[in-house]
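Laboratory data are not the source of any read-out in this text; all were calculated from the coordinates shown. Quantities reported herein were computed from a predicted structural model and do not represent experimental measurements. Note that each Cβ is placed from the backbone with ideal geometry, even for glycine, and that neighbours are counted across all protein chains shown.
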Amino acid sequence: MSQAVACINAGSSSIKFALFMLGKDGVEPAGAGKIEGIGTAPHLIAREPDGRISTERRWPQGAALSHEALFGDLLGWMREHLTGQEVIGIGHRVVHGGTHFFAPAIVDDALLEALDALSPLAPLHQPHNLAAIRAIRAVAPDLPQVACFDTAFHHGHADLATRFALPRALHDEGVRRYGFHGLSYDYVSRRLRELDPGLAAGRVIAAHLGNGASLCAMLAGTSVDSSMGFTALEGLMMGTRCGTLDPGVILYLLQQKGVSAAEVEDLLYHRSGLLGVSGISGDMRDLLASADPHAREAIDLFTWRIAREAGALVSTLGGLDGIVFTAGIGENAPQVRALVCERLAWLGIELDHAANRGHAPLINTSASRVAVRVIPTDEERMIALHMINLLLPTREEVA
Ligand code: AMP
């Protein structure tokens, strides 16, 4: 019987999943999907690798759907979909591995307990990641599960890049910079090595621009700095998150305006970023389509902040050989890529506008001193590769 793995990326209101079959030379996609509207009106849609819808299911508005019931259904669908295949494990994106977990790990009671303890560091993500693992354990206790950490790719940062200028005791208890979107950057770094080994060996900034957004400075394919730090709030302006903010603003809100900590959290995570500045939407597509000057201002601020953070990472790298755009906005919004590159023209970046508009993989002119690439990310595939290398150690490593 041939073998397959499943990957799960569980958030607060949505769960993304993907199936991969093990082939001779790596993994082959075998279907993927998403459940959205968990807690409101759940909607599952799954597609074949060619994009055809294979399953669609809607639950009634307000359906009281437990995680166990949901994952029971999902496992049922996976097994049906993979008739004749043995599912050897389920891999999960887990946002926070803290300082101790920097390699994919098989889930057991001790690991779950240790990861629970990290939930206060990523309160909006980690509990959902762990709830998915627990729900699957409840319905399939013997199925191996693997946790893959979003912080892991940044584990090798030099001590300086991990520090806030706070008293040492706070750093020692974990109040430090970790970096996130690591599965995405790990994948992009590997793809870049395949596509352009010369550039991959140099100084590269990868820009993961999706609903969450960050930059990663990579030296010879290894992360040396990130715009994200202690939580997924630092750095760039995002869909609904503010990015870097003078901490004095938070003191002002708490002390002068009597805003509660919960309200501040909601403001910083859900009501800021593109949504807060435009007053229209946190979705880049809506803003690009809008003639409202506030939409334009939000896009300008988004790209200005990217260029500003990129300048900081160029300093860490001591120069720049290439930029790689990825994730929803990075892969699909040529206007945003052009605005960012325009602001970084001082680095010798020259964009080939036709290639950019045509979504070519390489979008710089031949005169550009810096290469500009677009690499679609695939966090689920990265999880699958990590999982196979962990669960089948005798197999030749897949990349
Ligand atoms: P992600 O979190 O990677 O799924 O990215 C979501 C973001 O990508 C949202 O802001 C979307 O508006 C944006 N996005 C997706 N497709 C496009 C597109 N064709 N043009 C512009 N932005 C897009």
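For this structure, a couple of remarks:
- In order along the stretch 147-157, phi translates into HN-Hα couplings of 9, 10, 9, 6, 8, 4, 4, 9, 4, x, 4 Hz, rounded to whole numbers, per the Karplus curve 6.51 cos²θ - 1.76 cosθ + 1.60 with θ = phi - 60° and x for Gly and Pro.
- Rounded, prolate or oblate (a/c below 1.5 giving rounded, otherwise prolate when a/b exceeds b/c) for the stretch 75-210 by Cα gyration tensor: oblate
- Pair-distance profile P(r), taking every C-alpha pair of the stretch 163-282, with 10 angstrom steps and integer %: 13, 33, 32, 16, 4, 1
- Springs join every pair of Cα atoms under 10 Å in this Gaussian network model of the chain, and among LYS24, LYS257, LYS34 the largest mean-square fluctuation is at LYS257.
- Percent of Cα-Cα distances greater than 14 Å, calculated over the stretch 124-174: 68
- Rounded to the nearest 20, the size of the Cβ-charge dipole of the stretch 318-360 about its Cα centre is 120 debye, with Lys and Arg at +1 and Asp and Glu at -1.
- Computed over the chain: relative contact order in percent, which uses C-alpha pairs under 8 Å that are six or more apart: 14
- Among VAL264, VAL224, VAL94, the largest mean-square fluctuation in a Gaussian network model of the chain, built with springs joining Cα atoms closer than 10 Å, belongs to VAL264.
- Burial ordering of MET284, MET387, fewest other beta-carbon atoms within 10 Å first: MET284, MET387
- Among complete DSSP H helices in the chain, those whose alpha-carbon atoms stretch at least 30 Å along the helix's long axis and whose mean Kyte-Doolittle hydropathy reaches -1.0 are 293-317.
- Entry note: the chain has Rg to Rh equal to 0.96, where both radii use alpha-carbon atoms and Rh is the Kirkwood radius.
- Going from the fewest other Cβ atoms within 10 Å to the most, the residues MET218, MET21 appear in the order MET21, MET218.
- Whether the stretch 216-304 is rounded, prolate or oblate, judged on the alpha carbon gyration tensor where a/c under 1.5 counts as rounded: oblate
- Start at zero, step by 10 Å, and the Cα-Cα distances of the stretch 253-326 spread as 17, 32, 30, 19, 2 percent across the bins.
- Rounded if a/c under 1.5, otherwise prolate or oblate - the stretch 1-113, Cα gyration tensor axes: oblate
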